[in-house]
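Have a look at the structure below, then the notes.
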Amino acid sequence: MTQFAHDNVVPYKDSDQGKRQQVAAMFDDIAVRYDFLNRFLSAGIDITWRKKALRELVSLQPKKILDVATGTADVAIMASDILQPEKIIGIDISDGMLEIGRNKIAKLNLGNKIELLNGDSISIPFDDNSFDAVTVAFGVRNFEYLERGLNEIKRVLKPDGKLVVLEFGTPKSSIVKWGYNLYMKIVAPNMGKLFSKNADAYKYLDESIRKFPEGKNFIDILDKTGYTKTYYKPLSLGICSIYCGEK
């Protein structure tokens, strides 16, 4: 399996733990403030990004969806509303995030439709050909082994099933890039530290974005991994992109 630069980016550089364990601990630590910081730091535009990503699945009309790196279940809950599937299963390596997600699902009375489980992208606990669609929102950067994760996702997708990935990138416009760099290096870490006491999480966010193989590079990886009909759509001047591929 190919190693990618972002595979080796970790939140806590002094730790002896692997990336998976560090990422789980980081999200456990910021879980209580995660949704608030997402809305605050993105001015709410992350909600629009998620909705646009899910609309890539409307024509497929998936009945069973897997949401990998589900976090606090934002995408799973939106998918329930937008796509009206029969069942959504969300997996994540952070029990802290899952607990908040389960509370949100319970308040919305969606427990009969959405189920959250602790699970990792490199060993998805489901049979081959189990899902009509798989979504990953802001999670592939956190995979310890990108190709293994993408192969596992392809394994559990049904033939003609579709993967939709939503992930951060870096803007190409020099003016926008200047403001983006200022924001990511100064504003986000300081706001993260102020509200969650964990500036490392937002430093990790910046570094993992910079080292992620975005755009055509990620499409090439999807192609190499065996996905077909691959394409991507930049959003918000390249700050974020939707990536899609089929089995």
Around Asp160, under 10 Å between beta carbons, what's the net of Lys plus Arg minus Asp minus Glu among the other residues?
+2
Which listed residue (Leu60, Tyr34, Ile47) has the Cα farthest towards the positive end of the charge dipole for the range 8-83, taking +1 on Lys and Arg C-beta and -1 on Asp and Glu C-beta about the Cα centre?
Leu60
Based on the Cβ-Cβ distance of Lys64 and Ser174, what FRET efficiency does E = 1/(1 + (r/R0)^6) give at R0 = 45 Å, to the nearest 0.05?
0.55
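By the scheme Lys and Arg +1, Asp and Glu -1, what is the net charge of all other residues having a beta-carbon under 11 Å from that of Pro11? Can you show the working numbers first?
Numbers: positive: Lys13, Lys19, Lys203; negative: Asp14, Asp29, Asp200, Glu207.
Counting the neighbours of Pro11, the net charge comes to -1.
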Structure shown: which of Lys177/Lys233; Lys19/Lys107; Lys52/Lys154 lie over 28 Å apart, alpha-carbon to alpha-carbon?
Lys19/Lys107
Each residue of the range 85-102 in turn: what ³J(HN,Hα) in whole Hz from Karplus with 6.51, -1.76, 1.60 and θ = phi - 60°, glycine and Pro shown as x?
x, 6, 8, 10, 10, x, 10, 7, 8, 9, 5, x, 5, 4, 4, 5, x, 5
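To the nearest 20 Debye, how big is the dipole of the chain about its Cα centre, given +1 on the beta carbon of each Lys and Arg and -1 on that of each Asp and Glu?
Working: 35 positive and 32 negative charges, 157 e Å.
Rounded to the nearest 20 debye, it is 760 debye.
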If you plug each phi of the range 149-157 into the Karplus form 6.51 cos²θ - 1.76 cosθ + 1.60 with θ = phi - 60°, what whole-Hz ³J(HN,Hα) values come out, in order, with x for Gly and Pro?
x, 5, 5, 5, 4, 4, 4, 7, 6
Work through the residues other than Phe143 whose Cβ is under 13 Å from its Cβ and net out their charges, Lys, Arg +1 and Asp, Glu -1.
-2
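By the gyration tensor of its Cα atoms, with a ≥ b ≥ c the square roots of the eigenvalues, what is the shape of the chain: rounded for a/c under 1.5, prolate for a/b over b/c, or oblate?
Rounded, because the longest to shortest axis ratio a/c is under 1.5.
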Which value in deg cm²/dmol, rounded to the nearest 500, describes the helix-derived mean residue ellipticity at 222 nm for the chain, given -39,500 (n - 2.57) per DSSP H run of n ≥ 4 and division by the residue count?
-13500 deg cm²/dmol
Sort the range 1-60 into rounded, prolate or oblate with this rule: let a ≥ b ≥ c be the square roots of the eigenvalues of the Cα gyration tensor; rounded if a/c is under 1.5, and if a/c is not under 1.5, prolate when a/b is larger than b/c, oblate otherwise.
oblate
GNM result for the chain, Cα springs below 10 Å: residue of Gln84, Gln22, Gln61 fluctuating most strongly:
Gln61
Picking from Asp206, Asp16, Asp35, which is most flexible by a Gaussian network model of the chain using Cα springs under 10 Å?
Asp16
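Since every read-out is calculated from the coordinates, none of them should be taken as a lab result. The structure presented is a predicted model; accordingly, all values stated were derived computationally and were not measured. Positions of Cβ are generated from backbone atoms using ideal geometry, with glycine treated the same way; all protein chains shown enter the neighbour counts.
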